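Below: one structure, written as structure tokens.
The values are calculated or read from the model by the stated rules, or taken from the named source; none is laboratory data. For clarity, every value in this text was computed on a predicted model and none was experimentally measured. FYI the Cβ positions are ideal-geometry reconstructions off the backbone, even for glycines, and counts take in every protein chain you see. Heavy atoms of the whole protein, side chains included, go into the accessibility calculation; ligands, DNA and RNA do not. Shrake-Rupley method; radii C 1.70, N 1.55, O 1.52, S 1.80 Å.
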Amino acid sequence: MRLLFLAPRHDPLTPFPELANEQIMAGPDWPDLRWGQQVVSLSMPPGQGSVADLLSQLPPDQAPDTLVCLADTRRLQLPKDTEAFAGPKLLLLANLDASQAPSPGLLNYLKQEQFDRVVVVDDRRAAEQLHRAGVNADWFPGLVLPTLEHQLKARPGDEHAPAVAIVGDDTATLHLVTPAIRALRRGGIPVDVLARDDFEWDAGSGARLAIHLSAATHFPVSPWHLLGGGTLPVVARPPAGTGWAEVLREGEQWFGFTDFAEMVEVVKSLRNDPARVQTCIDRNRNWFKRHLSASARRKAWQDYVATGTLPEVFSPIVAPPASAPFVLSP
């Protein structure tokens, strides 16, 4: 499968998910880049995004099989002229406000540009909101996690109290870092690693517990890398309905807290039981390998494009089935 993948690019050093054997990336932050005669990426002027223009820049032997657009509401870049592409067209949506109905702008766009499938890649409630608006949206969280498995190195078990890291989602959560550190230190817990953006799994930190700080109002996708990285997530408990607790079992695959006092007690308990931590880590690593590793995601994605079948762990969440035709109610 060859994808033409339209996407924002937050950081040129962050790898993008590999959903096909060949991906041609395009977007306003991507450079015009070729490897010999083969197109690697195409620059797309901001605010334009004509699919017809992009297709005209590809050589005949690189005609894509599938068109994919990732629309992040923080950096919205929606393609135009999607009818110029004859193959399957998929729209991936991230960072929608799950507490509100879809914006009129998005709904109007979906009336103008017909996609074969619309997929929410984080909060399940956003998919449910789209359904209420008449859009057959599916839910595949973690689909666009960066592919970092070369960094997800297994670590040997540690009989001593597990080391602790603090991991934040983005700059919006930086104000939580200092009070979290103070609370842990008051509880007699050393903080061995502080990572304000992306946790460096191969940095030799040895952390076995990672406290994920976020405004607990949404589905926190980024801790899912913890599941495959030999680190147990301790997460600000997401609200009901996000899909997090419906997929992952609290107390077995992750541990939650609602305030810093509970966070400290949870971490103390886990540090006093390294065998339990190791059992959870082993369970998570196996779960990640089955469902969200690069090879598992690529196979699941190709099955989804071909048949509309989602991985079983996600498919019961949103109805109607993914194979239903894309319809907007009048």
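Here are some notes:
- Criterion violated by residue 86 - all others in (1) modelled with pLDDT of 90 or more; (2) surrounded by 21 or more Cβ atoms within 10 Å (Cβ to Cβ) satisfied: (2)
- Verdict on residue 71 being open to solvent by less than 70 Å² (accessible area, probe 1.4 Å), among the small types (Gly, Ala, Ser) and modelled with pLDDT of 90 or more: no
- Given (1) without any contact (Cβ under 8 Å) to a residue 40 or more places away in the chain; (2) within 21 Å of residue 144 (Cβ to Cβ), index of the condition residue 242 fails: (1)
- Filtering 123, 116, 97 for residues that are open to solvent by 30 Å² or more (accessible area, probe 1.4 Å), at pLDDT 85 or above, of a type in the set (Asp, Glu) and under 18 Å from the mean Cα position of the chain (by Cα) leaves a single hit, 97.
- In the condition set (1) within 16 Å of the chain's Cα centre (by Cα); (2) crowded, with 17+ Cβ neighbours inside 10 Å, residue 267 is compliant with all but (1).
- Members of region 289-330 that are part of a loop (DSSP other than H, G, I, E, B), at pLDDT 85 or above and among the aliphatic types (A, V, I, L, M): 292, 310
- Residue check for residue 256: open to solvent by less than 30 Å² (accessible area, probe 1.4 Å), modelled with pLDDT of 90 or more and not aliphatic (A, V, I, L, M): yes
- Hits in region 33-61 (condition: closer than 27 Å to residue 304 by Cβ, surrounded by 15 or more Cβ atoms within 10 Å (Cβ to Cβ) and at pLDDT 85 or above): 39, 40, 41, 42, 50, 51, 54, 55, 58
- Criterion: over 26 Å from the mean Cα position of the chain (by Cα) and within 13 Å of residue 3 (Cβ to Cβ) - qualifying residue of 84, 63, 20: 63
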